[in-house]
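The values are calculated or read from the model by the stated rules, or taken from the named source; none is laboratory data. This is a predicted model, so every value here is computed, not measured. Backbone-built Cβ (ideal geometry, glycine too); neighbour counts: all protein chains shown.
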Amino acid sequence: MPTATRSLVIDVTPDQMLSVIQDYEKYPEFLPEVKRITVANKTANTADVTYEIEVIKKIQYTLRLKQDGYRITWSLLKSDLLKKNDGLWELRPEDGGKKTHATYGLELAIGGFIPVPSAILNKLTEQSFPALLNNFKRRAESLYPKQA
């Protein structure tokens, strides 16, 4: 089962980064592979988010996301292609709370009766990670620029 974890430092506060992560409806604006998002059952700490993405082929899946402080975890609710999509965002303050050390982790399993090429698995878990994290970093730092 492919798993991957990556971290980077983002020049915004943890609260600012958390607001970018939880603004699910805006993902298509800065994540090119995300074509559409639908949010349901949203409460203060949870949301069911349906993603329509295009990574080699079009994939649709629904995740239940839960927030606990600066940690967001998710698990797969339904998908026609994925058997597992569990992950997390973990945010830690750095530089006296002026910056955020963000860790993104993902455990992914693809199922079904059709064999899935390793190219799709690699694209989903490894090749897209640096781009995904950099897109979140750019988004957060553009929404919350540091004052000189």
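Looking across region 99-144, the residues that are part of a strand (DSSP E or B) and at pLDDT below 85 come down to Leu108, Ala109, Ile110.
Taking the conditions exactly as written (of a type outside the set (Lys, Arg), buried (at least 16 other Cβ atoms within 10 Å of the Cβ), over 26 Å from Pro145 (Cα atoms) and within 17 Å of the chain's Cα centre (by Cα)), does Leu65 satisfy them or not? When the stated conditions are applied, Leu65 passes them. Out of region 68-83, which residues are more than 13 Å from the chain's Cα centre (by Cα) and surrounded by fewer than 17 Cβ atoms within 10 Å (Cβ to Cβ)? The answer is Asp68, Gly69, Leu77, Lys78, Asp80, Leu81, Lys83. In region 1-41, of all residues being part of a loop (DSSP other than H, G, I, E, B) and touching an Asp or Glu at 6+ places or on another chain (Cβ under 8 Å), the one that is nearest to Arg64 (Cα to Cα) corresponds to Asn41. Restricted to region 42-98, and to residues that are part of a strand (DSSP E or B) and aromatic (Phe, Trp, Tyr), which residue is farthest from Leu31 (Cα to Cα)? This residue is Trp74. Residue pairs whose Cβ atoms lie under 8 Å apart, separated by 6 or more positions or on different chains, with the first residue in region 58-72 and within 18 Å of Leu82 (Cβ to Cβ) and the second charged (D, E, K, R) and surrounded by 16 or more Cβ atoms within 10 Å (Cβ to Cβ), are Thr62/Asp48; Leu63/Asp48; Arg64/Asp48; Leu65/Asp48. Among the numbered conditions (1) more than 20 Å from Gln22 (Cα to Cα); (2) polar (S, T, N, Q); (3) at pLDDT 85 or above, the only one that Gln147 does not meet is (3). Every residue in region 45-61 that is surrounded by fewer than 16 Cβ atoms within 10 Å (Cβ to Cβ) and farther than 23 Å from Thr103 by Cβ, please. Correct list: Glu52, Glu54, Ile56, Lys57, Lys58.
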